[in-house]
Structures are given as C-alpha cells and as structure tokens.
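S.K.: Here it is, the structure in full.
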Amino acid sequence: MNKSIGFLLLAASLALSSCKIYSFKDVSIPADVKSIHIGYLENRARLVNPQLAPQLNDKLRQKINNQASKLSQVQTSDADYDVSGWVSDYSYTTSGISNQAPSSNRLNVTVHIVFKNHLDPTGKKVAPADFEADVTRNFDFAATLSITDAEAQLLPTVVSNMTDEIFNKLFSNW
C-alpha cells in the first residue's frame, strides 16, 4: 500500500514538473512570459481621493514584483503582458438605517482592468487571453464618521484589498 502511494506521488510530481508553468503562491505564469508592463492606473471616478491612485499603483507594482518575480517590469507597452486601467468608481452610499437615520455608509470602489497578452492574444498557447474586467469592492463604515475620517481610516484597507483583487484577476483566475 505504501509503495503504491509513493508511486502515485512520484508520478504526480513528475507530471506537474513537466508542464513548464512556474507557480508562486497560487500564481501561474507560463514559461514563455518574461516581461510585464504595468501602466499607471489613473483615477477617472467622479469623486477622486488623491491618495488612492498613487498608493494603488505602488502596491500593485510591489505585489507583482514580490509574488510574480519571474516577470521583469518594463516601461514600454510592448511587454509580453500589458496591464492598464483606471479607477472608474469611487462613491459613497448609505448601507444601513436605524431609527430612521443612517447607521452605516459604504464606500464603493471599482477599478477597470485592461489586460493584453502580446505573445498570444487569444490565450490558446500562452494563457490568459486578452480581457477587460471590473474589480469592485465595498467598504462599510459608521455613519458617525465624516467622509474625510472614513477615507483616512479605510485607505490602507482599500489599497490592500483592491491590490489583491487586481492581482488575483491578473494571475489566478485562469
């Protein structure tokens, strides 16, 4: 019984090692992909938090550098992968009412991502195919907070969560 389990583990590891895909913490990057261009994600939302776009760009570049380190980040859009996009929504809504008064509010953040695979736009040989997608997250806060105070409290969480969502959309949803 132990020999058959050992044989199955050996066969599985050989099969996985021969598929020529590098994996880093749930990230799959085909061996052919060497470079990535990350365009500046500008803020095009009606409401603009002036700190969001710069922090989001820095954090996304850092995350790709740390977790997809096989890719060299280049400054030109003719890289193997090209990522661009913009903050398309940054808005507030009331999310809870108590005693006929707002009890909680919600910050809605959406980033529109444009991904181009210059090696294989269809994704048939080198995944993924070109795509555009919206990444949206909601962040609740007490209605007793001013918008300025809520933004100051939420910004680190917003940047961290949106960075993770964008990264996962780029590298983990294949």
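S.K.: Contour minus end-to-end for Arg106 and Ile147, with contour as 0.36 nm per residue of separation and end-to-end as the Cα-Cα distance? Numbers along the way, then the final one.
M.R.: Details: separation 41, 0.36 × 41 = 14.76 nm, distance 1.03 nm.
Full extension of this stretch gives 13.7 nm more.
S.K.: Here is a follow-up. Just want the ordering: Tyr81, Tyr90, from fewest to most Cβ atoms lying within 10 Å of their own Cβ.
M.R.: Details: Tyr81 24, Tyr90 21.
Listing Tyr81, Tyr90 from fewest to most nearby Cβ atoms yields Tyr90, Tyr81.
S.K.: Relative contact order of region 32-171: what whole-number percent is it, with Cα pairs under 8 angstrom and at least 6 residues apart?
M.R.: Values: 259 pairs, mean separation 33.9, N = 140.
With pairs under 8 Å counted, the relative contact order is 24 percent.
S.K.: Considering just Cα atoms, how many Å³ per residue does the convex hull of region 40-174 enclose? If you can, show how the numbers build up before the last one.
M.R.: Working: hull volume 14.9 nm³, N = 135.
Convex hull of Cα atoms, per residue: 110 Å³.
S.K.: Using amide H atoms built 1.01 Å from N in the peptide plane, name the residues 5+ places from Val74, or on other chains, whose amide H lies under 5 Å from its own.
M.R.: It is Ile36, His37, Ile38, by chain and number.
S.K.: Kindly write out, for region 142-150 in residue order, the coupling ³J(HN,Hα) from the Karplus curve 6.51 cos²θ - 1.76 cosθ + 1.60 (θ = phi - 60°), rounded to whole Hz, with x marking Gly and Pro.
M.R.: After applying 6.51 cos²θ - 1.76 cosθ + 1.60, I find 5, 5, 6, 7, 6, 4, 4, 5, 5 Hz.
S.K.: Reachable aspartates and glutamates from Lys34, Cα under 19 Å, same-chain residues fewer than 8 places away excluded?
M.R.: Of all the aspartates and glutamates, those that pass the test against Lys34 - Cα under 19 Å, at least 8 places apart if same chain - are Asp26, Asp78, Asp80, Asp82, Asp120, Asp130.
S.K.: Treating only the Cβ atoms of Lys and Arg (+1) and Asp and Glu (-1) as charged, compute the dipole magnitude of region 32-171 about its Cα centre; round to the nearest 20 debye.
M.R.: Details: 13 positive and 16 negative charges, 34 e Å.
Computed about the Cα centre, the dipole is about 160 debye.
No lab work stands behind these numbers, since they all come straight from the coordinates. Bear in mind the structure is a predicted one, so any value in this text is a computation, not a measurement. Virtual Cβ from ideal backbone geometry, glycine too; neighbours counted across all protein chains shown.
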